[in-house]
Protein chains: 2
Amino acid sequence: MSLLEAELTWTGHAFERGIQVRLEGSRIAEVGHGLGSDPRRLDNRALLPGFVNAHSHAFQRGLRGLGETFPQRDGSFWSWREAMYELVDSMTPDMMYEISRHAFGEMLDCGMTTVGEFHYLHHDDSESGFIFDEVILDAARDAGIRIVLLMAYYNTGAIGQPLQGGQRRFRCASVDDYWRQMDRLERLVDGEQQRLGVVAHSIRAVPLNDLAALHAEAHRRGLVFHLHIEEQVAEIEQSIAAYGRTPMAALFDAITPDARLTGVHCTHTAPDDMHRFIDAGANICICPLTEANLGDGIADLPAMVEQGGHVCLGSDSNARISMLEEMRWLEYAQRLNLQKRGVCIDETGAIAPWLVAAATINGARSLGLDAGRIKPGMLADFCTVNLNDPSLAGADEESLAAAIICGARDTAIAETCVGGEWR
Amino acid sequence: MSLLEAELTWTGHAFERGIQVRLEGSRIAEVGHGLGSDPRRLDNRALLPGFVNAHSHAFQRGLRGLGETFPQRDGSFWSWREAMYELVDSMTPDMMYEISRHAFGEMLDCGMTTVGEFHYLHHDDSESGFIFDEVILDAARDAGIRIVLLMAYYNTGAIGQPLQGGQRRFRCASVDDYWRQMDRLERLVDGEQQRLGVVAHSIRAVPLNDLAALHAEAHRRGLVFHLHIEEQVAEIEQSIAAYGRTPMAALFDAITPDARLTGVHCTHTAPDDMHRFIDAGANICICPLTEANLGDGIADLPAMVEQGGHVCLGSDSNARISMLEEMRWLEYAQRLNLQKRGVCIDETGAIAPWLVAAATINGARSLGLDAGRIKPGMLADFCTVNLNDPSLAGADEESLAAAIICGARDTAIAETCVGGEWR
């Protein structure tokens with residue numbers, strides 16, 4: 001049992017002084033003023049919920065700085081995908097462990113206490129055995145980050161096409177095979193620091209029947225369900241060519257969306273489809289740094305904000321790992337595109353509470369975790385901000401949240417705490 | 001006299017090993033292999049030219065985190081401008097010194113060794129006397145940054161309109177008055193660590209006759225000439241209403257552009273005008289973080305790159321100070337907009353050399369300095385990158401430059417050196 005008091009504490013809408021937080025084990029037991037007379041004081045610190053990184057492919061950290069030369073001057077998402085497959089082809093268990101553990105460490109450094117690891121690279125060069133799944137769990141445990149292993153089902157190279165080359169390392173032979181592996185993993189995770197979620201990689205990689213079967217079983221088990229959807233125009237074109245409808249329309253025909261569903265990207269989703277998706281309570285995960293690096297395009301965020309959509313954030317390709325920059329550029333990409341300031345705003349018109357919610361509460365919702373806010377019953381996951389960091393000089397209680405988002409460097413994040421354990 | 005050898009040294013196109021750099025006083029005397037047997041070794045460091053921040057308004061650092069709430073839901077550039085005027089109204093010499101010195105310190109922290117300080121807030125509440133000009137020079141000297149004080153002429157509140165409210169603190173009564181102050185400043189600067197440049201604030205704030213007169217005298221004195229131009233659509237509309245032509249067309253009628261001219265922003269410049277501007281050898285300064293924060297829009301960079309335009313970078317409003325993020329998002333904003341990767345590329349198709357040039361050589365060109373490259377005769381201005389920073393783990397000699405731009409955190413910048421003096 002322990003009692004904390006930071007100089008400032010984020011209450012969900014603002015920073016407040018004098019707030020104490022009592023922990024019991026790995027959870028928050030009580031939050032309020034004057035809970036005890038001898039708290040552990042976090043001076044010069046602002047206490048925030050730990051950031052929730054709702055979408056990561058840890059192994060892609062190995063691509064940082066690669067694939068940034070375009071001799072053919074036709075740089076596209078698909079050329080990057082080829083570079084990624086080269087890395088996939090060379091991956092060994094040791095490499096997978098080192099790269100993932102390092103990526104998870106960088107996530108903690110920048111305040112992320114949970115990662116939703118969207119994991120589709122299952123096999124080494126034997127192309128079977130799911131050896132990398134356990135490696136990821138080990139790497140997360142050793143790094144000290146909370147993980148929801150979002151186990152990806154990957155079955156086709158493109159719609160109706162066999163897997164090719166490196167893709168065979170992603171292979172799930174059948175839905176039954178997938179659940180056998182999930183059952184094996186279920187025995188390895190503790191259900192709190194480590195949990196499982198279900199993934200259909202994309203409409204490209206998963207036949208619609210399989211998608212429906214996966215989702216039905218995920219629903220029965222009470223697990224969250226994620227998929228990549230409508231990131232690239234080509235993906236939509238391929239779906240229309242094969243199925244006569246968009247990936248989102250095909251998804252609606254296969255499953256009933258609900259609050260446990262997360263669509264990753266939704267960059268090019270049609271307005272009506274987006275409306276229906278949000279109306280069902282489903283989550284949208286946007287990955288600003290990766291979508292920019294890959295040249296995906298800019299999602300229709302104003303419509304999502306207007307409708308009260310649950311938007312969360314992911315570091316995705318991990319070409320750069322910074323939740324502050326993800327928050328900032330979620331808003332900034334919209335400003336550039338619309339020539340308008342203040343897109344991601346709450347009911348008062350403020351950007352900071354909306355963007356902090358995207359980085360915390362909404363990520364936790366997408367991953368099915370009691371986390372992302374400093375409230376009794378929630379997991380004791382925090383990050384702290386060093387109020388003496390030069391990048392925050394001049395900020396007061398009121399401007400601090402926006403100063404952190406717009407102006408702070410990554411190292412203004414001082415400490416993280418996962419399940420009551422400070423790092 | 002001193003001899004340096006970093007583990008890696010940037011040669012303008014790539015990082016190379018074993019390069020030694022001999023300094024004499026504040027300049028680089030010699031660069032090559034095997035210049036001496038006992039160099040000062042910079043282990044685990046990559047040596048780069050110091051970054052050149054070609055456009056800053058240091059005092060706007062005081063606005064960080066402010067103006068990010070939009071209760072009317074009509075957030076625009078012009079509402080930010082009002083917030084800026086509030087700061088202007090309250091500015092004292094002490095505040096000006098503290099804010100500017102702090103901003104210059106943050107610039108050095110992130111590898112900027114020179115600032116082009118586009119300085120238009122001249123007066124305290126007495127609304128005359130140019131008291132802030134000397135304050136800026138003091139702040140830069142005390143922070144240890146090289147400065148080109150880009151002295152701004154500001155005469156009208158809008159085209160043909162008198163100055164209003166806080167704008168009176170920007171006032172230059174006449175062109176003669178301006179040059180009297182420039183002569184005074186000329187005696188305060190040493191011509192190397194501190195220099196002067198000439199600025200017409202914008203078409204909004206400077207009558208065209210005055211602009212022509214300022215430019216003629218700047219040309220006679222061999223000084224660089226900067227102006228804000230075509231950042232906002234409203235500015236272009238006002239120019240067309242008043243002059244029957246765009247700001248750029250009005251500029252061409254008033255002066256002959258050359259390599260000493262820098263247009264800051266050019267966000268909405270018409271293709272023909274842009275072509276003529278670049279053809280004359282003039283420089284374009286883009287400020288990605290500020291233009292994003294202000295919702296300015298996205299310049300037509302592909303045309304600039306194609307034509308070989310000299311594009312440099314500025315931290316402008318200093319809402320955030322990070323040359324790495326400016327470089328990264330110069331390219332990324334284009335990728336989002338065009339759904340294409342690899343816009344800012346050199347002749348080999350690589351983004352890193354092009355973007356490093358924007359942050360170094362091109363900034364130095366815009367400010368008229370012998371800086372921005374590690375070559376004999378250049379100013380001995382450097383920044384170093386810590387090769388052990390976690391954000392650079394896994395990068396090799398070849399991928400390092402792109403890894404720094406796409407993936408490094410600010411604190412991967414380890415040291416700076418201005419005119420041979422290490423900080």
Quiz item: Quick one: would you say residue B:25 is open to solvent by 20 Å² or more (accessible area, probe 1.4 Å) and without any contact (Cβ under 8 Å) to a residue 60 or more places away in the chain?
Solution: no
Quiz prompt | Among residues of region B:97-125, those that are in a helix (DSSP H, G or I), of a type in the set (A, V, I, L, M, F, W, C) and farther than 26 Å from residue B:171 by Cβ, counted | solution = 2
Quiz item: Any chance region A:366-389 includes a residue that's without any contact (Cβ under 8 Å) to a residue 60 or more places away in the chain, within 25 Å of residue B:391 (Cβ to Cβ) and assigned by TED's automatic domain parsing to the domain that holds residue A:33?
Solution: yes
Quiz item: Is it the case that residue A:68 is open to solvent by less than 60 Å² (accessible area, probe 1.4 Å), among the acidic types (Asp, Glu) and farther than 30 Å from residue A:361 by Cβ?
Solution: yes
Quiz item: Which of the residues spanning region A:390-412 are more than 7 Å from chain B (Cβ to nearest Cβ), crowded, with 19+ Cβ neighbours inside 10 Å and not β-branched (Val, Ile, Thr)?
Solution: A:392, A:401, A:408, A:412
Quiz item: Which pairs have Cβ atoms under 9 Å, sit 6 or more apart or on different chains, and link a residue in region A:396-408 that is touching a residue at least 24 places away in the same chain (Cβ under 8 Å) and outside any helix (DSSP H, G or I) to one that is open to solvent by less than 10 Å² (accessible area, probe 1.4 Å) and of a type in the set (Ser, Thr, Tyr)?
Solution: A:408/A:391
Quiz item: Being open to solvent by 10 Å² or more (accessible area, probe 1.4 Å), within 19 Å of residue B:42 (Cα to Cα), more than 8 Å from chain A (Cβ to nearest Cβ) and at pLDDT 95 or above, is that true of even one residue in region B:356-373?
Solution: yes
Quiz prompt | The one condition in (1) surrounded by fewer than 19 Cβ atoms within 10 Å (Cβ to Cβ); (2) part of a strand (DSSP E or B) that residue A:416 fails to fulfil | solution = (1)
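Go through region B:226-243 and give me each residue that's open to solvent by less than 30 Å² (accessible area, probe 1.4 Å) and in contact with a Leu (Cβ under 9 Å, 6 or more places away or on another chain). Reasoning before the result, please.
Of the residues in region B:226-243, the ones open to solvent by less than 30 Å² (accessible area, probe 1.4 Å) are B:226-232, B:234-236, B:239.
B:226, B:227, B:229, B:231, B:232, listed by residue number.
Could you tell me which of the residues B:97, B:85 is open to solvent by less than 30 Å² (accessible area, probe 1.4 Å) and over 19 Å from residue A:407 (Cβ atoms)?
Going through B:97, B:85 in turn, the sole match is B:85.
Tell me, which strands (runs of 3 or more DSSP E) wholly within region A:126-243 include 3 or more residues that are under 30 Å from residue A:25 (Cβ atoms), touching a Lys or Arg at 6+ places or on another chain (Cβ under 7 Å) and not polar (S, T, N, Q)?
none
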Practice problem: Could you please tell me which pairs satisfy a Cβ distance under 6 Å, a separation of 6+ or placement on different chains, a first residue in region A:313-326 that is more than 9 Å from every other protein chain (Cβ to nearest Cβ), and a second residue that is acidic (Asp, Glu) and open to solvent by less than 10 Å² (accessible area, probe 1.4 Å)? | Solution: A:313/A:326
Quiz item: Of all residues in region A:346-355, how many are at the interface with another protein chain (Cβ under 8 Å from one of its Cβ atoms) and either without any contact (Cβ under 8 Å) to a residue 24 or more places away in the chain or farther than 16 Å from residue B:294 by Cβ (or both)?
Solution: 4
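Matching residues to (1) out of contact with any His (no Cβ under 9 Å at 6 or more places or on another chain); (2) over 30 Å from residue B:141 (Cα atoms); (3) assigned to a loop (DSSP other than H, G, I, E, B):
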position	(1), (2), (3)
B:20	no, no, no
B:44	yes, no, no
B:47	yes, no, no
B:66	yes, no, yes
B:71	yes, yes, yes
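One line per residue, one yes/no per condition, for (1) within 25 Å of residue A:194 (Cβ to Cβ); (2) within 18 Å of the chain's Cα centre (by Cα); (3) touching a residue at least 12 places away in the same chain (Cβ under 8 Å); (4) facing another protein chain (nearest Cβ under 10 Å):
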| site | (1), (2), (3), (4) |
| --- | --- |
| A:60 | yes, yes, yes, no |
| A:68 | no, no, no, yes |
| A:85 | no, no, yes, no |
| A:102 | yes, yes, yes, yes |
Self-check item: Complete set of residues in region B:259-287 that are open to solvent by 10 Å² or more (accessible area, probe 1.4 Å) and more than 23 Å from residue B:238 (Cα to Cα)
Solution: B:259, B:260, B:278, B:279, B:280, B:281
Quiz item: Is there a residue being modelled with pLDDT of 95 or more and more than 14 Å from chain B (Cβ to nearest Cβ) anywhere in region A:297-306?
Solution: yes
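The values are calculated or read from the model by the stated rules, or taken from the named source; none is laboratory data. The model shown is predicted, which means the values in this text are computed figures rather than measured ones. Positions of Cβ are generated from backbone atoms using ideal geometry, with glycine treated the same way; all protein chains shown enter the neighbour counts. To get the accessible areas, we keep the full protein, side chains included, count just its heavy atoms, and leave off ligands, DNA and RNA. Shrake-Rupley method; radii C 1.70, N 1.55, O 1.52, S 1.80 Å.
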